[in-house]
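Here is the structure we will look at.
The values are calculated or read from the model by the stated rules, or taken from the named source; none is laboratory data. Remember, predicted model here, so these are calculated numbers, not experimental data. Please note: Cβ atoms are built from the backbone with ideal geometry, for glycine as well, and neighbour counts cover all protein chains shown. Quick note on the areas: whole protein, heavy atoms, side chains included, nothing else; ligands and nucleic acids left out. Shrake-Rupley method; radii C 1.70, N 1.55, O 1.52, S 1.80 Å.
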Amino acid sequence: MKVVVSIGGSVLVPTVDAGRVTGYAAVLEKLDDAGHDLGVVVGGGPTAREYIEAARDLGGNEVELDELGVATTRLNARLLIAALDDRAAPAPVTEHNRAKELFTHGDIPVMGGTVAGHTTDAVATALAEHVDADLLVFATSVAGVFDVDPGQDDAATKFESMTPGELVDVVSSIELAAGSNAPVDLLATKLLQRSGLRAVVLDGTEPAAIADAVDGTHDGTDVVPEEP
Ligand code: UTP
């Protein structure tokens, strides 16, 4: 199966912890050994937020802050690359064509961010679209997609399964609420909608959840394209 995994920086590197990164590498290596083709995109997590906040205080503009964010995603990506040894390309891959080449030749491309203006969710979705992935896994710090932001409303209900159109609607309404956190960014949901990809959004704080998503035994939310 062709699988792209987006690992949030908040789950891979909540703090810099080699043991934690090893856990994710072990799951990816097992999937690689099982014959799956893999691409991975790593987020910036708390490191990105810390740097971005400091640079905002220093008067940086939004593009500068985004570029700082991209740099931290690549820093985190390098940790995963170190743990994956020779299975991964030796440096974070910075553009999708190169990632596709590596993917096609059986190496694991590990990307961070690319350019200002979106997040690694969108990078991962574009990579999945480019390699025509069978599955895109978003390993996030939330349990899946809820009808309303669970951080703001105790009555929030998790979707077991939803269409990309429903995901766009849910994320749009969450993004409009100040201080809310969408499980996946809006651009990624739009790319998902146009691509017809199958995706899973799950709590990735335990690395084994990624393997569960590939096996189809996960506890998150399936995003399944509508029948044409
Ligand atoms: P993340 O992809 O890590 O954001 O990018 P996130 O999804 O909010 O965080 P985690 O990792 O899942 O916890 C961090 C920041 O880097 C910039 C944006 O400013 C983003 O908020 N970024 C990232 C870009 O500008 N372009 C990219 O391609 C990726």
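In table form, for the structure just shown:
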| read-out | value |
| --- | --- |
| Residue under evaluation Gly165, criteria (1) modelled with pLDDT of 95 or more; (2) in a loop (DSSP other than H, G, I, E, B); (3) of a type in the set (Gly, Ala, Ser); (4) more than 20 Å from Leu12 (Cβ to Cβ), criterion not met | (2) |
| Residues of region 120-162 that turn out to be open to solvent by less than 60 Å² (accessible area, probe 1.4 Å) and of a type in the set (Ser, Thr, Tyr), as a count | 3 |
| Hey, Thr189 touching a Lys or Arg at 6+ places or on another chain (Cβ under 8 Å) and at pLDDT 95 or above or not | no |
| Filtered residues of region 93-116 (kept if outside any helix (DSSP H, G or I), in contact with a strand residue (DSSP E or B) (Cβ under 6 Å, 6 or more places away or on another chain) and not aliphatic (A, V, I, L, M)) | Pro109, Gly112 |
| Residue in region 7-22 that is crowded, with 20+ Cβ neighbours inside 10 Å, more than 9 Å from the ligand (Cβ to nearest atom) and under 23 Å from Leu202 (Cα atoms) present | yes |
| Single condition Arg56 does not satisfy, out of (1) open to solvent by less than 70 Å² (accessible area, probe 1.4 Å); (2) free of Cβ contacts under 8 Å to residues at least 24 places away in the same chain | (1) |
| Criterion (open to solvent by 40 Å² or more (accessible area, probe 1.4 Å), under 21 Å from Ala124 (Cα atoms) and part of a loop (DSSP other than H, G, I, E, B)) met by exactly one of Glu227, Glu175, Glu206 | Glu206 |
| Qualifying residue in region 134-145 (condition: at pLDDT 95 or above and either over 16 Å from the mean Cα position of the chain (by Cα) or more than 15 Å from the ligand (Cβ to nearest atom) (or both)) | yes |
| Residue list for region 103-123, filter: aliphatic (A, V, I, L, M) and more than 9 Å from the ligand (Cβ to nearest atom) | Ile108, Val110 |
| Criterion (of a type in the set (Asp, Glu) and in a helix (DSSP H, G or I)) met by exactly one of Asp132, Asp212 | Asp212 |
| Subset of region 1-36 that is in a strand (DSSP E or B) and either within 20 Å of Ala91 (Cβ to Cβ) or of a type in the set (A, V, I, L, M, F, W, C) (or both) - its residue that is farthest from the chain's Cα centre (by Cα) | Val3 |
| Scan of region 176-228 for residues that are touching a Phe, Trp or Tyr at 6+ places or on another chain (Cβ under 9 Å) and among the β-branched types (Val, Ile, Thr), ordered by number | Val184, Val200, Val201, Ile210, Thr221, Val223 |
| Residue within region 184-203 that is surrounded by 21 or more Cβ atoms within 10 Å (Cβ to Cβ) and part of a loop (DSSP other than H, G, I, E, B) present | yes |
| Filter result for the condition that a residue is more than 8 Å from the ligand (Cβ to nearest atom), assigned to a helix (DSSP H, G or I), of a type outside the set (D, E, K, R) and within 25 Å of Ala18 (Cα to Cα), over Ala126, Ala83, Ala48, Ala55 | Ala83 |
| Enumeration of residues in region 58-77 that are more than 8 Å from the ligand (Cβ to nearest atom) and of a type in the set (Gly, Ala, Ser) | Gly59, Gly60, Ala71, Ala77 |
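This table checks each residue for (1) of a type outside the set (Gly, Ala, Ser); (2) more than 22 Å from Asp185 (Cα to Cα); (3) in contact with a His (Cβ under 7 Å, 6 or more places away or on another chain).
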| position | (1), (2), (3) |
| --- | --- |
| Ala25 | no, yes, no |
| Glu67 | yes, no, no |
| Thr72 | yes, no, no |
| Val110 | yes, no, no |
| Gly113 | no, no, no |
